[in-house]
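No lab work stands behind these numbers, since they all come straight from the coordinates. If you're wondering where the values come from, they're calculated on a predicted model, not measured in any experiment. Positions of Cβ are backbone-derived with ideal geometry, glycine not excepted, and every protein chain shown enters the neighbour counts.
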Amino acid sequence: MSSKIGRLIPGLLFSSVAAIIAILLSSLIPGDIIGATVMALLVGMALNPVMNRYERLNDGVNFAAKMVLRIGIILMGVNLNLSEVFSVSKYAVFVMLFTMGTAFGAGNLIGKIFGMDWKLTNLLSVSTAICGGSAVATVGPVIKAKDEDIAYAISATFIFDVLTVVIFPWIGFALGMSGTGFGLWVGTAVNDTSSVVAAGYAFSELAGNIAVIVKLTRTLFIIPFVLMFSVISERIEAKAEVTEERKPVNIKKIFPYFVMLFLLVVALRSTGIIPGNLVPALSKTSKYCMIIALSAIGLKTSYGDIKNIGLKPMILGFIVDTLVVVVSIGVQAATGRF
């Protein structure tokens, strides 16, 4: 047991150092334009040559990319109070049904036209539909996506998020949007949490508060999508195997049990069993775990791997992001909630 832990320490420390560098670099950029999670991915990729030079780092980095990621996702549930979610999300969920349908429908259609791999296509779609890098990092391992595909999907949506932080508040003021309407728009259409916060509060405090709650509501959709993609991935693998008899999907084998722990944390937070004074510390721990995990994913990915994927996925991501932005504001305008 001690020898196994010993093999993990070098890689975990290296991932943690990369995460600390990412946090420091992110803090130097005004307006939180580049969040620490995206910066962690970039720092990790920059340190990939060092990672490749020392084999003893592999075990710890792989552990961080998988298990530390799951710990971060589980603790993410502490940010969700169901009473707050229900108070704002009645109409928000209605808008989300349109934006998610757009993200996956348009994403897969364009992906087929471009001849792209279904895994990368859906990583780009899930990033736009749910919660940016967190969703990609969660769904990626479930569908056994390549590390470079996970890194690419996070990077592709990051560029769009930077634009939204700068442009969205100006559009909102120009259109005369209310704080509630703008918060709902940002919460349903912007990917990364840091970008949602930055854009929302740049408009007004009300818009920022609503945007954050709507964004956290989107986070809950990680659960059904993880389950859905677990089944899809298993079925595709089963079809790929040349067998005379089709094997049924083994739900017990593919079920992501960490999702149940995520729901448990949400329940404990919502019922007050987890006291409010512990929430900030647990939330910071969750975020730090996600930063370490994305550093580890970056460490396993080189810039050459990203370059080889090409421009088509970047174009797909930009088109899907733009469509979701238009659909979100269009649904509000059509229903008089502008």
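Give, in nm to one decimal, the length gained when the segment between Ile223 and Ala333 is fully stretched (0.36 nm per residue of separation minus the Cα-Cα distance).
Stretched fully, the Ile223-Ala333 segment lengthens by 36.7 nm.
In nanometres, what is the gap between the two model label sites at Leu82 and Val231, each 7 Å from Cα along Cα-to-Cβ?
With each label point 7 Å from Cα toward Cβ, the separation is 2.2 nm.
Along its three principal axes, how long is the stretch 91-142 when you only count alpha carbons? Whole Å, largest extent first please.
36, 24, 13
Note down the nm distance, to one decimal, between modelled labels 7 Å out along Cα→Cβ at Lys66 and at Leu13.
2.3
If you wrap a convex hull around the C-alpha atoms of the stretch 46-106 and split its volume per residue, what is the figure in Å³?
Per residue, the Cα convex hull of the stretch 46-106 comes to 146 Å³.
Taking only the alpha-carbon atoms of the stretch 88-245, what semi-axes of the equivalent ellipsoid follow from 5 times the gyration tensor eigenvalues under a square root, in whole Å, largest first?
32, 15, 13
Which of Trp118, Trp170, Trp185 has the fewest other C-beta atoms within 10 Å, and how do the rest follow up to the most?
Ascending number of Cβ neighbours within 10 Å: Trp170, Trp118, Trp185.
Compute the orientation-averaged projected area for the stretch 1-149 from the convex hull of its Cα atoms and round it to one decimal in nm².
Convex hull of Cα atoms, orientation-averaged projection: 11.8 nm².
Rounded to two decimals, what ratio of Rg to Rh does the stretch 117-188 give with C-alpha atoms and a Kirkwood Rh?
Taking Rh as the inverse mean 1/r over Cα pairs, Rg/Rh reads 1.10.
How big is the charge dipole of the chain about its Cα centre, in debye rounded to the nearest 20, if each Lys and Arg gets +1 on its Cβ and each Asp and Glu gets -1 on its Cβ?
580
May I ask you to derive the FRET efficiency for Leu25 and Lys4 from their Cβ-Cβ distance with R0 = 51 Å, giving the value to the nearest 0.05?
After rounding, the FRET efficiency stands at 0.95.
With N residues in the stretch 273-329, what two-decimal value do you get for its Cα radius of gyration over 2.2 N^0.38 Å?
Against the compact-globule rule of thumb, the ratio is 1.77.
Based on the Cα atoms of the chain, what semi-axes does the equivalent ellipsoid have, where each is the square root of 5 times one gyration tensor eigenvalue, given in whole Å with the largest first?
30, 24, 21
Got a sec? Which residues in the stretch 273-297 would a label at Ala46 touch, if it sits 7 Å along Cα→Cβ and we count backbone N under 14 Å?
295
Take the chain, mark every one of the GluC sites (Glu not before Pro) that falls in a DSSP loop and has at most 10 other Cβ within 10 Å, then report the longest stretch left between them, sites excluded.
1-240
What are the membrane-span-like helices in the chain by this rule: whole DSSP H runs, Cα extent along the axis at least 24 Å, mean Kyte-Doolittle hydropathy at least -0.5?
Helix filter hits for the chain: 2-28, 82-114, 147-175, 222-240, 279-299, 312-334.
Roughly what would the spin-label model give for Ala267 and Tyr54, points 7 Å off Cα along C-beta, in nm?
Modelled inter-label distance: 4.3 nm.
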